[in-house]
Amino acid sequence: MTVRLIADFNDDGVVNSSDYALFYAAFGLSEGDDGFNADMDLNGDGTIGIPDFLIFVDNFGSSA
């Protein structure tokens, strides 16, 4: 069974600055925009924004 960490966008087993770089690049995008990644829409509202960033910060430093 594989457990995926919340906000581990590159699937390396840790939520770190590499994941932040990916998140930063997608920040502000909404469903239908080029580059939108639903995995980064952590609250599921259709936009990668501040609420998602707060969830990301809560999980920063987590590891598998």
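The numbers here are math on the coordinates, done by the rules we state, and not lab data. These numbers were taken from a predicted model, which means no experiment stands behind them. All Cβ positions, even for glycine, are placed from backbone atoms using ideal geometry, and neighbour counts span all protein chains on display.
For this structure, a couple of remarks:
- For the stretch 17-59, the relative contact order works out to 30 percent when only alpha carbon pairs closer than 8 Å and six or more residues apart are counted.
- Packing, as the average of other Cβ atoms within 10 Å across residues, places the peptides 30-42, 47-59 in the order 47-59, 30-42, highest first.
- Normalised convex hull volume, the chain, alpha-carbon set, Å³ per residue: 81 Å³
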